[in-house]
Amino acid sequence: MNSKYYIPTRSATAPLTVDVTPESAGWTESSLFVVELGAGDSVTRNSGVDEIIVVPLSGSAMVTCDGTSLDLAGRPSVFDGPSDFAYVGRGSTFTVTSADGGRFALCGARAATELPFRYVPASDVPVELRGAGNCSRQVHNFGTADAFEADSIIACEVITPGGNWSSYPAHKHDENSDKESQLEEIYYFEIADGPDGSPGFGYHRVYGTPERPIEVLEEVRSGDVVLVPHGYHGPSIAAPGYDMYYLNVMAGSGERAWKICDDPAHTWLRGSWEHQEVDPRLPLHEKKSG
């Protein structure tokens, strides 16, 4: 039986394929909507009490807000480097119009401050190669606290080559302290197909502490979501032959910072990377220019 923290693809009402709100997740801050649009189709929403980052997963789009339109060049797929994106502040009505059809993530978080409608090009998205050996992964830090100004949202993308482990060693961020920041986290997955078009898959793990137990071990496929309300999470494992992508959306009750605590039983693994090379398959795609 699947965990209540696992949301299979296309559980939402079209044109949404993902519809995670604080109310549906049982928490207070983080949200994620993924909308799938045909060529020329559009969707209009109001951000309400949230701030929203619009990120093309596939295809290009125009985002219109308060009489201003921004063109997002997007990308063919999530495995084709970082994308440009748009930020929509709280209390704003906005429209996403697809050019040739595609999927678009609307990453959300409760916000106390209203910030302006903005555009960030793909060339400004920091790309980080994290880990080493079979723990190598590629991180697009488009919406992290040190890369982009926002009220509360923290968001990034991670690409894990087939056969590798990421979100590892397992870590947590479920309390506000000197070492941690309390953050609710959403994992949205896309998995590359095999060379013959066979659908890929991977696995994701979440586990708790004696004081706050949680047990999640899910096979994940393209479009699936796993919620992390608390506890250690990781690894995310890409099956051999199938590259894994996931989008992380986080927000919490404390400062806007990603402060984590490793599972102390496994933190030694970080030291082992000092003597290993980064997986030569990375970066999977060079950062876009322009």
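The values are calculated or read from the model by the stated rules, or taken from the named source; none is laboratory data. A quick note: this is a predicted structure, and the numbers were derived from the prediction, not measured. Cβ placement follows ideal geometry from the backbone for every residue including glycine, while neighbour counts extend to all protein chains displayed. Remember, those area values only see protein heavy atoms, side chains included, never the ligands or the DNA or RNA. Shrake-Rupley method; radii C 1.70, N 1.55, O 1.52, S 1.80 Å.
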Which numbered condition I186 fails, given (1) open to solvent by 10 Å² or more (accessible area, probe 1.4 Å); (2) in contact (Cβ under 8 Å) with a residue 40 or more places away in the chain:
(1)
If we ask which residues in region 225-235 are assigned to a loop (DSSP other than H, G, I, E, B) and open to solvent by less than 10 Å² (accessible area, probe 1.4 Å), their number turns out to be 1
So V18, is it in contact (Cβ under 8 Å) with a residue 40 or more places away in the chain, assigned to a strand (DSSP E or B) and out of contact with any Gly (no Cβ under 8 Å at 6 or more places or on another chain)
no
Considering each of S222, S181 in turn, give the residue that is small (G, A, S), closer than 27 Å to L106 by Cβ and touching a Gly at 6+ places or on another chain (Cβ under 6 Å).
S181
Run A99 past the list (1) at pLDDT below 95; (2) touching a helix residue (DSSP H, G or I) at 6+ places or on another chain (Cβ under 7 Å) and report the number of the one that doesn't hold.
(2)
Of the residues in region 107-123 that are small (G, A, S) and part of a loop (DSSP other than H, G, I, E, B), the one that is least open to solvent (accessible area, probe 1.4 Å) is A111
For region 61-72, state whether one or more residues are in a strand (DSSP E or B), surrounded by 14 or more Cβ atoms within 10 Å (Cβ to Cβ) and in contact (Cβ under 8 Å) with a residue 60 or more places away in the chain.
no
Among residues of region 194-217 being assigned to a strand (DSSP E or B) and open to solvent by 10 Å² or more (accessible area, probe 1.4 Å), the residue farthest from Q182 (Cα to Cα) is Y203
Do we have G48 as part of a loop (DSSP other than H, G, I, E, B), open to solvent by less than 50 Å² (accessible area, probe 1.4 Å), touching a helix residue (DSSP H, G or I) at 6+ places or on another chain (Cβ under 8 Å) and among the small types (G, A, S) here?
no
Residue under evaluation H140, criteria (1) under 30 Å from C65 (Cα atoms); (2) in contact with a Pro (Cβ under 6 Å, 6 or more places away or on another chain); (3) surrounded by fewer than 20 Cβ atoms within 10 Å (Cβ to Cβ), criterion not met
(3)
When you scan region 151-159, do you find a residue that is more than 26 Å from D243 (Cα to Cα) and more than 16 Å from the chain's Cα centre (by Cα), even just one?
yes
Starting from region 190-202, take each residue that is in contact (Cβ under 8 Å) with a residue 40 or more places away in the chain and list its partners that are of a type in the set (S, T, Y) and open to solvent by less than 20 Å² (accessible area, probe 1.4 Å), counting only C-beta distances under 7 angstrom and pairs at least six apart or across chains.
E190/Y245; G202/S236
